[in-house]
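Scroll down for the structure; my scribbles are underneath it.
A short reminder: the numbers here are calculations on the coordinates, not readings from a lab. Predicted model, so just to flag it, every value in this text is computed and none were measured. FYI the Cβ positions are ideal-geometry reconstructions off the backbone, even for glycines, and counts take in every protein chain you see.
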Amino acid sequence: MKIDRRFFLGGTLALGAGACIPPDQSPLGRLAAELRIIEAAGGGTLGVEIFNTVTGASVGINQDRRFGHASSFKLSLAALLLQRHAAGQIDADKRVMWTEADMLNPAPFTRERIDTGATLRELARATQTTSDNPAANILLRNLGGPAGLTAFWRSLGDEVSRVDRYEPEMNLVTVTEFRDTTTPAAMALTVAKIVYGDALPEKERAELKGWMIETQTGLKRVRAGLPEGWVAGDKTGTSGLVGAADYNYIDIGFAQGPKGEGPITFACYLRARQTEDDMLPGPQAALAEVGRIIKEFAEPERGLPLVGKLY
């Protein structure tokens with residue numbers, strides 16, 4: 001997908017020309033400096049971690065700053081169901097029902113199936129691919145609630161990520177909030193363990209990757225900045241406080257190039273000083289620019305450091 005980079009080039013060439021030369025002139029240092037320019041153009045705080053699952057190298061900015069999950073937690077929720085099904089702890093093909101009391105937007109799948117119900121597997125696919133909120137809440141209740149999902153992250157070695165509430169209250173995350181948050185560094189590594197590590201058996205891992213590729217909500221975010229021929233999948237999130245200045249735009253996922261680039265996992269969070277209705281193209285363009293950085297980071301000829309597999 002072609003990116004209109006005028007949003008960045010018009011406002012950031014002067015910034016780049018007038019800025020001090022970054023002290024770190026290594027390949028990773030230069031990419032981090034480019035991320036800072038994207039942050040400035042995005043009009044907010046950008047948190048990014050880009051992780052090479054083969055070399056263990058990573059690059060980012062604000063990697064250890066906390067951001068809210070919004071709907072991005074649904075990727076891990078779907079993974080948790082598949083993991084427990086594979087372990088014989090729950091039947092993912094069990095059919096469940098729900099009522100009007102469970103409904104909240106968006107609900108493209110659960111609204112259509114309210115009379116017939118669905119399997120937990122179908123709910124997992126729906127909440128990943130369409131971000132269906134009732135599906136997420138029903139799954140979360142069947143998997144031990146917020147504590148169950150947080151325990152899943154801990155089992156993967158992620159001591160940072162946490163979920164404390166259900167939809168939609170979990171979206172109410174201020175700058176100082178710890179509940180329902182993660183960091184880019186923690187989530188990029190967690191995505192690596194889910195998609196490329198041993199968190200899931202091979203069959204379930206392939207199923208989840210297929211759902212991520214099928215997901216349409218991220219086509220204008222990080223995936224829009226990747227070149228044609230790359231295979232990528234993700235889970236997005238968007239949230240904001242009613243009447244507040246800041247909205248959160250999130251994209252986490254994986255990307256693989258056709259010539260052996262990567263595989264890469266990424267976790268991107270933009271806390272922007274615009275509202276979703278007024279300025280959604282701007283934050284989406286910022287996240288798309290991160291896709292361009294992923295491509296540069298993954299190029300084998302850049303000679304980025306081999307530090308060993310970290311998951």
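If a/c stays under 1.5 just call it rounded; otherwise compare a/b with b/c (prolate if a/b is bigger, oblate if not). Do that for segment 44-162, with a ≥ b ≥ c from the square roots of the Cα gyration tensor eigenvalues. Verdict is prolate for segment 44-162. Applying 1/(1 + (r/R0)^6) with R0 = 45 Å to the Cβ-Cβ distance of Val96 and Lys259 gives a FRET efficiency near 0.55.
The residues neighbouring Ala199, those whose beta-carbon lies less than 10 Å from its own, together hold a net charge of 0 under the Lys/Arg +1, Asp/Glu -1 convention. If the segment from Ala147 to Arg165 were pulled out straight at 0.36 nm per residue, it would be longer than the present Cα-Cα gap by 5.6 nm.
Extending 7 Å from Cα along the Cβ direction at Val231 and again at Met103 yields two label points whose distance is 3.9 nm. The separation of segment 248-263 from segment 111-149, counted between C-alpha centres, amounts to 26 Å. Shape class of segment 109-204 from the alpha-carbon gyration tensor: oblate, with a/c at 1.5 or above and b/c at least as large as a/b.
Measuring r between the beta carbons of Arg111 and Leu172 and using R0 = 22 Å, the FRET efficiency lands at 0.40. Straight-line cross-link partners of Lys209 among the aspartates and glutamates, defined as a Cα under 12 Å from its Cα and at least 8 positions apart when in the same chain: Asp234. In a DSSP loop and with at most 14 other Cβ atoms within 10 Å, the GluC sites (Glu not before Pro) in segment 155-192 are Glu159, Glu177. For segment 20-80, the set of chymotrypsin sites (Phe, Trp or Tyr not before Pro) satisfying both a DSSP loop assignment and a count of at most 12 other C-beta atoms within 10 Å is empty.
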